[in-house]
Every structure is written in structure tokens, then in C-alpha cells.
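Colleague: A single structure is presented below for examination.
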Amino acid sequence: MKRLAKQARQKASVSIAQLEMKCAWGCKKNSQGNVSFWKGYKLHLDVTDMGIPVTAVVTGANVHDSQLAIPMEKLTERKIHHLYSLMDAAYDAQDIRTFIEGKGRVAIIDGNKRRSEGARSFDAAEKERFKIRSTVERANSHLKDWLIGGKVYVRGIRKVSFHLMSGVVCLAAVKILQYLVIPQQDADAA
């Protein structure tokens with residue numbers, strides 16, 4: 001049985017425990033097609049439409065994003081009620097889509113262009129909803145640019161996780177202030 005199929009039946013904590021947590025080499029291709037490499041860890045983040053972090057997991061840098069989709073869906077559904085799961089092409093796997101749809105949610109996952117069927121076409125409503133997916137990219141950018149910095153100079157997953165999760169907590173505070181507290185204060189003042 002493949003890992004994603006096993007994860008659908010396992011507890012989230014068991015699925016996450018089976019992933020690589022040691023310092024490792026990772027790589028990612030950017031939108032221009034350039035590949036960047038780094039040694040260390042990777043922060044996987046699940047956010048709301050407003051960019052408020054809901055679930056965050058740190059793994060070794062070599063763990064592919066798709067390996068966290070199902071466990072993070074399970075962790076997120078314990079915290080909030082959501083109707084849509086928006087994901088980029090890295091998460092284009094039938095096991096992920098089946099899991100999400102089995103929970104009664106709509107899986108809006110961009111098609112992986114490397115597969116023979118190519119990019120998935122969305123209907124008008126899904127296209128509009130998929131635009132919100134850039135929120136997670138902005139949340140990651142805010143973490144890197146403002147809250148965490150370019151490099152983390154500590155060793156071990158516990159120290160790295162503490163450093164990264166401190167940034168995630170700060171991001172949550174900023175987003176809650178930005179979207180919930182300040183608009184309410186402005187409305188009360190008017």
C-alpha cells in the first residue's frame with residue numbers, strides 16, 4: 001500500500017511520525033523553472049482564506065509537500081470547519097483528492113503538468129475560488145521576509161521547530177489584528 005493510501009487510514013500523528021524529521025537536502029523548482037537546493041528543514045503550512053495559520057508541521061527538507069496533505073487535512077478539520085481544500089500541482093494525487101472528497105469537502109487541486117492529462121480545468125466557480133490559494137504563498141512570504149529571516153542558525157528539529165513556530169504564532173497575531181481586530185475598531189470609531 002502506498003504512503004498516501006496508508007495515511008488516509010492512520011491517525012495524523014502516526015502519519016507524521018513516519019516522515020523524515022532529520023536534517024536533509026531539499027530542492028524546489030520556482031516559477032521560472034530554476035531549482036534551488038538547501039540543507040535543513042521544511043515548514044508545511046495550512047492557512048485560512050485570510051492567511052491565518054491553522055496547522056503547521058516541520059519536517060526534513062527532503063519530505064515532499066504531498067506527504068503532508070492528508071495528515072494536515074486531518075489536523076485542520078479538528079480545528080476549523082472548512083468546505084474547500086485548495087492546493088497547487090504538488091498535491092495532485094488521486095489518494096489526496098479521494099480523501100478530501102470523502103470528507104464532504106471540495107478538492108480544488110491544480111493539475112500536475114508533467115502527467116499525461118496535463119493541467120486540470122476548473123469551472124468558473126472553482127477558478128474564482130482557486131485565486132485564494134495565493135494566500136498561502138503570501139503567508140509563507142510574510143514568514144520569510146518579516147518574521148523568520150533568510151536562514152535559521154540553530155541545530156536540531158526541536159530548536160528549528162521552536163524558531164519556525166514562533167514565527168507562525170507571530171504571523172497568526174498579525175493576521176488576526178489585520179482582519180479581525182483593527183477593522184472592528186475602525187467600525188466602532190465610525
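Each reported figure results from applying straightforward, stated rules to the coordinates on display, with no laboratory input. Treat the numbers as computed from the prediction; the structure is a model and nothing was measured. Neighbour counts are summed over all protein chains in view; Cβ atoms, including those assigned to glycine, are modelled from backbone coordinates with ideal geometry.
Colleague: To the nearest 0.05, what FRET efficiency results for His81 and Lys127 with a Förster distance of 22 Å applied to their C-beta separation? Before the final figure, lay out the partial values.
Modeller: Details: r = 24 Å, r/R0 = 1.08.
Efficiency, rounded to the nearest 0.05: 0.40.
Colleague: State the answer as a single residue: which of Ser166, Ile52, Val136 lies farthest towards the positive end of the charge dipole of region 3-189, with beta carbon charges of +1 for Lys and Arg and -1 for Asp and Glu, about the Cα centre.
Modeller: The residue sitting farthest along the positive end of the dipole is Ser166.
Colleague: For region 35-111, how big is the tail of P(r) above 17 Å, as a whole percent of Cα pairs?
Modeller: Numbers: 1341 of 2926 pairs.
Of all Cα-Cα pairs in region 35-111, 46 percent lie more than 17 Å apart.
Colleague: Enumerate the helices in the chain for which the Kyte-Doolittle hydropathy averages 1.0 or more and the C-alpha atoms extend at least 18 Å along the helix's axis, using complete DSSP H runs. Each step should come with its number before you reach the end.
Modeller: Details: long enough: 157-176 (27 Å, 1.34).
Qualifying helices: 157-176.
Colleague: Counting helices only, and only those DSSP H runs with n ≥ 4, report the 222 nm mean residue ellipticity of the chain as the sum of -39,500 (n - 2.57) divided by its residues, in deg cm²/dmol to the nearest 500.
Modeller: Details: 8 runs with 77 residues, N = 190.
Rounded to the nearest 500, the figure is -11500 deg cm²/dmol.
Colleague: A further question on this structure: Would you mind calculating the gained length between Val181 and Lys29 on full extension (0.36 nm times residue separation, minus the Cα-Cα distance), in nm to one decimal? Let's see the in-between values first.
Modeller: On the way: separation 152, 0.36 × 152 = 54.72 nm, distance 3.72 nm.
Using 0.36 nm per residue and subtracting the Cα-Cα distance, I get 51.0 nm.
Colleague: If you place +1 on the Cβ of every Lys and Arg, -1 on the Cβ of every Asp and Glu, and leave all else neutral, what size is the dipole of region 1-96 about its Cα centre, to the nearest 20 Debye? Before the final figure, lay out each step's value.
Modeller: Values: 13 positive and 9 negative charges, 90 e Å.
Taking the Cα centre of region 1-96 as origin, the dipole is about 440 debye.
Colleague: Once you've got the Cα coordinates, tell me which of Lys39/Lys175; Lys29/Lys175; Lys2/Lys175; Lys39/Lys127 are over 32 Å apart. Each step should come with its number before you reach the end.
Modeller: Details: Lys39/Lys175 30 Å; Lys29/Lys175 28 Å; Lys2/Lys175 37 Å; Lys39/Lys127 35 Å.
Distance filter (> 32 Å) returns Lys2/Lys175; Lys39/Lys127.
Colleague: Note down the magnitude of the dipole of the chain about its Cα centre, charges +1 on Lys and Arg C-beta and -1 on Asp and Glu C-beta and zero elsewhere, to the nearest 20 debye. List each step's numbers first, then the result.
Modeller: Details: 31 positive and 19 negative charges, 202 e Å.
Charge dipole of the chain: 980 debye, to the nearest 20.
Colleague: Which three semi-axes in whole Å describe the equivalent ellipsoid of the chain, each the square root of 5 times a Cα gyration tensor eigenvalue, listed largest first?
Modeller: Details: eigenvalues 131, 111, 61 Å².
For the chain, the ellipsoid semi-axes come out as 26, 24, 17 Å.
Colleague: If amide H atoms are built 1.01 Å from N in the plane of the peptide, which residues on other chains or at least 5 residues away come under 5 Å of the amide H of Val106?
Modeller: So Val106 has HN proximity to Tyr84, Ser85.
Colleague: Which residue, Ser134, Ser85, Ser31, tops the fluctuation ranking in a GNM of the chain built on C-alpha contacts under 10 Å?
Modeller: It is Ser31.
Colleague: So who's got an amide H within less than 5 Å of the one on Thr55, skipping anything under 5 residues away but keeping other chains? H placed 1.01 Å off N, in plane.
Modeller: HN-HN under 5 Å from Thr55: Asp46.
Colleague: Right, here's the next one. What length, rounded to one decimal in nm, is gained on full extension from Lys11 through to Ala189, with 0.36 nm per residue of separation minus their alpha-carbon distance? Mind dumping the intermediate values first?
Modeller: On the way: separation 178, 0.36 × 178 = 64.08 nm, distance 4.70 nm.
Extending this stretch completely gives an extra 59.4 nm.
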